[in-house]
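Report on the structure given below.
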Amino acid sequence: TKPKEPELPLFFGWFLLPEEEERIKCATMDFLKTLDTLEAFKEHISEFTGEAEKEVDLEQYFQNPLHLHCTTKFCDYGKAEGAKEYAELQVVKESLAKSDELSVTALIVTPRIFGARVALTETQMKLWPEGEDKEGVAPALMPSVEALPMGSRAHVTLGCSAGVEAVQTGLDLLEILALQKEGKEGTQVEMDLGTLSYLSEGRWFLTLREPITADTTFSSFSD
Ligand code: 2AM
């Protein structure tokens, strides 16, 4: 009989420690609470509600994911391309169960998702699979994404609107970064946490004045 292949997880990533998770959720919820009261946001409310006069409570609008994390490799139990190769990397094996600190440099809100942009260190980049930034990107967006530095997609999904899957956060982040690169930023609003900019079609990007750091553990996850 053939030896049983080791099973591959749903994904690998950095998982926030429980107390860190609470701290980040509180800080980012405060931002959401302020965002939906801003005049600049209200002007574009129809991009969230479909109606001009309707109000939106962003705290209710986004559903929290179970465990806050930054995905490095989505393996889909081995069905995703390169899953086995990634799991077998020496750096992956050595990093499992190790602590690491993530740095959040921006927050993004779109009608689909709420997320945190993560700036990876050089060491953390070693765990970022080559080509992962481009996974599932629409052909029209591909040239812009290819021009972005590797690891640009790194993020923590903080919430999704009804019926939206978490994978959308990385895609919306890439779209925002591409628009910024083309100089397509609109309204800018100064907030306590940093500078908020609007990028059309309900896309908001908050550049944090001070990065928010969070302690994590690198690990695999299976449902
Ligand atoms: P996320 O990293 O944006 O949160 C389990 O579904 C996890 O894997 C989620 O955290 C999800 O998104 C991520 N994920 C799901 N499908 C993916 C895909 N096709 N490519 C990359 N990440 C994916």
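The values are calculated or read from the model by the stated rules, or taken from the named source; none is laboratory data. Here the structure is a predicted model, which means the values were calculated and not measured. Cβ placement follows ideal geometry from the backbone for every residue including glycine, while neighbour counts extend to all protein chains displayed. Note: accessible area is taken over every heavy atom of the protein model, side chains too, but ligands, DNA and RNA are not part of it. Shrake-Rupley method; radii C 1.70, N 1.55, O 1.52, S 1.80 Å.
Values for this structure:
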item: Verdict on residue 132 being modelled with pLDDT under 95 and within 17 Å of the chain's Cα centre (by Cα); result: yes
item: Selection count, region 197-223, where residues are over 18 Å from the mean Cα position of the chain (by Cα) and not in a strand (DSSP E or B); result: 4
item: Boolean, residue 109 is open to solvent by 20 Å² or more (accessible area, probe 1.4 Å), in contact with a Phe, Trp or Tyr (Cβ under 8 Å, 6 or more places away or on another chain), among the β-branched types (Val, Ile, Thr) and within 15 Å of the ligand (Cβ to nearest atom); result: no
item: Condition broken by residue 223, with the remaining ones in (1) closer than 24 Å to residue 121 by Cα; (2) at pLDDT below 95; (3) within 13 Å of the ligand (Cβ to nearest atom); (4) not polar (S, T, N, Q) satisfied; result: (1)
item: Helices (runs of 4 or more DSSP H) wholly inside region 9-104 containing at least 3 residues that are surrounded by fewer than 17 Cβ atoms within 10 Å (Cβ to Cβ) and of a type outside the set (Asp, Glu); result: 18-35, 90-95
item: Matching residues in region 152-196 - criterion: being assigned to a loop (DSSP other than H, G, I, E, B), within 16 Å of the ligand (Cβ to nearest atom) and free of Cβ contacts under 8 Å to residues at least 40 places away in the same chain; result: 152, 153, 163, 165
